[in-house]
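What follows is calculated from the coordinates using simple rules that are stated; it is not laboratory data. This one's a predicted model, so the numbers in the text were calculated from it and none came from an experiment. Here the Cβ positions follow ideal geometry from the backbone for every residue, glycine too, while neighbour counts run over all protein chains shown.
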Amino acid sequence: MAYNTSPGAGYMQQQAGSPHGDGQDKGNARAKGITSCTIRQILQMAPSQGNNWRMDGAEFAVVKIVGVIRSVQEVTSHRTYLIEDGTSQITAKAFGPVNNADLREGVYARITGPVREFQNVRSIHPATLHPITNFDEITHHSLEAILTHLQRTKGSLQDRAGGAGQPASSLLRSHAQTGDLSSLATQLVTLIGSSPDISFDDIRDQFPNATPDQLRNVLTDLTNEGHVYTTHDDDHFKLTSG
């Protein structure tokens with residue numbers, strides 16, 4: 001059986017009785033998708049029923065991790081990689097030939113495959129395993145794992161916009177009322193929130209004691225922080241959520 005180590009490689013045809021699993025495993029993997037996670041999350045999961053693993057309440061068949069290879073051991077039937085990602089360590093057991101000399105100690109690698117448990121010890125049986133050449137991928141994977149965890153445990157950003165059922169503009173006004181924003185910003189938030197589309201000239205009329213530069217600076221800060229946005233031109237404003 002060939003073992004796929006090329007970048008972007010997917011699942012390869014498995015022989016019957018292969019340690020990687022059979023065609024049903026591959027079908028389940030495609031159906032349930034790949035979960036980006038940390039090694040610690042894998043080790044902290046509750047024991048599975050068969051190979052039906054759940055993480056953060058979601059069932060999955062395949063994990064994706066990124067980590068550095070700490071050691072490589074080769075025996076007759078497989079090669080074992082000890083992978084560390086900063087949260088913990090886990091072994092990846094590659095059955096079949098691995099034709100990539102770059103997969104050595106000290107090299108960062110991306111591993112995807114099902115989780116297996118034997119005698120209370122968990123490991124990954126990689127479907128793909130290849131070295132990382134662009135180190136931005138390490139950061140990207142960490143952010144992806146965090147995002148996946150938060151979406152499953154807290155809901156999507158769209159679902160949570162502005163807090164639990166509270167519009168973003170209402171939440172922003174509450175921050176203003178409790179002093180989280182400056183006095184001028186507080187008044188601007190209240191004024192902009194009371195109008196569907198207010199012009200800078202109208203704002204100036206409401207704040208005769210503030211200079212145009214002061215108003216522009218505060219509006220720029222509110223815009224950069226995502227509280228306010230401009231509409232059909234740079235002189236008309238609206239809160240990010242009504």
Could you list which residues have their amide H under 5 Å from that of GLY113, counting only those 5 or more apart in sequence or on another chain, with H placed in the peptide plane? VAL63, ALA127
The answer for SER88, listing residues at least 5 apart or on another chain whose modeled amide H is closer than 5 Å to its amide H, is ILE39, ARG40
With all distinct Cα pairs included, what does the Kirkwood hydrodynamic radius of the stretch 23-158 come out to in Å, to one decimal, could you say? 15.4 Å
Restrict the search to the stretch 60-112; then list the GluC sites (Glu not before Pro) that DSSP places in a loop and that have at most 14 other Cβ atoms within 10 Å of their Cβ. GLU105
Note, ILE69: beta-carbon cut-off 9 Å, +1 each Lys/Arg, -1 each Asp/Glu, net 0
